[in-house]
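One structure is given below, encoded as structure tokens.
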């Protein structure tokens, strides 16, 4: 180490820096688990060529997830959503997925998913403020790949890589619904990049939303571990999150990554996901940032 370390805290990290941190973390993961084989999984439905709904998600480590799911209010309660979800699940099964796992904080969506075989894995209170996020799970099996009903005058398309315009229709539709239901959510990026000279040797990327900081990717070059750099990066990220109005933080880490490090930094295990990746455990951890002074710095 040259003694020339620089820690940059930013709400606008460059795509190049963020991609570098993600790439290095995935390279580390490959030492312990197979390639996550992340692929997009998207379903769109159209009437007369116009998009009236869709699902944006993907598959990785034999799991399916949903990131966005929206249907125009004029077409709800007609079985269209069930067909969209069924198409996504069938494609996930064909890719070898054994679970579907994701979260929602929309009560009506919770009822929809439970009707279609999902159960609540765990709950996260006060996310959004005053509300609850439900983390849902369903085991997938080949026998679920049944013939789906045909809905007249509605065209369905499944794709791995959607065009930007189609994806934006679904994103914007859901955003309008959430803004009307919960109030506007300002998602703010948070990143800390550590350099030794001009070389990136570690960093964290994530964001602030609904009063919570979420950590997405966190990596330190192995030559620089055990020197307190990780603690410094995490503390800087937490400090920026507090400045942005966050009172809690959450993250996912695996048994071969850093659960003990996060415990020492004041995080606690909220819940566990088995077989994510296959043969390993994923820990969902949370921290009250109001107690930020209670862990060693």
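The values are calculated or read from the model by the stated rules, or taken from the named source; none is laboratory data. Nothing here was measured: the structure is a model prediction, and the numbers come from that model. Cβ atoms come from the backbone with ideal geometry, glycine included; neighbour counts cover every protein chain shown.
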So the check is Cβ under 6 Å with 6+ separation or different chains; which pairs have a first residue in region 234-251 that's within 18 Å of residue 262 (Cβ to Cβ) and a second one that's modelled with pLDDT under 95 and in a loop (DSSP other than H, G, I, E, B)?
235/297; 246/211; 247/211
Mind counting the residues in region 139-165 that are farther than 30 Å from residue 278 by Cβ and out of contact with any helix residue (DSSP H, G or I) (no Cβ under 9 Å at 6 or more places or on another chain)?
6
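Matching residues to (1) in a loop (DSSP other than H, G, I, E, B); (2) surrounded by fewer than 18 Cβ atoms within 10 Å (Cβ to Cβ); (3) at pLDDT 95 or above:
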position: 122; (1), (2), (3): no, yes, no
position: 127; (1), (2), (3): yes, no, no
position: 138; (1), (2), (3): no, no, yes
position: 149; (1), (2), (3): yes, yes, no
position: 158; (1), (2), (3): no, yes, yes
position: 172; (1), (2), (3): no, yes, no
position: 181; (1), (2), (3): no, yes, no
position: 194; (1), (2), (3): no, no, yes
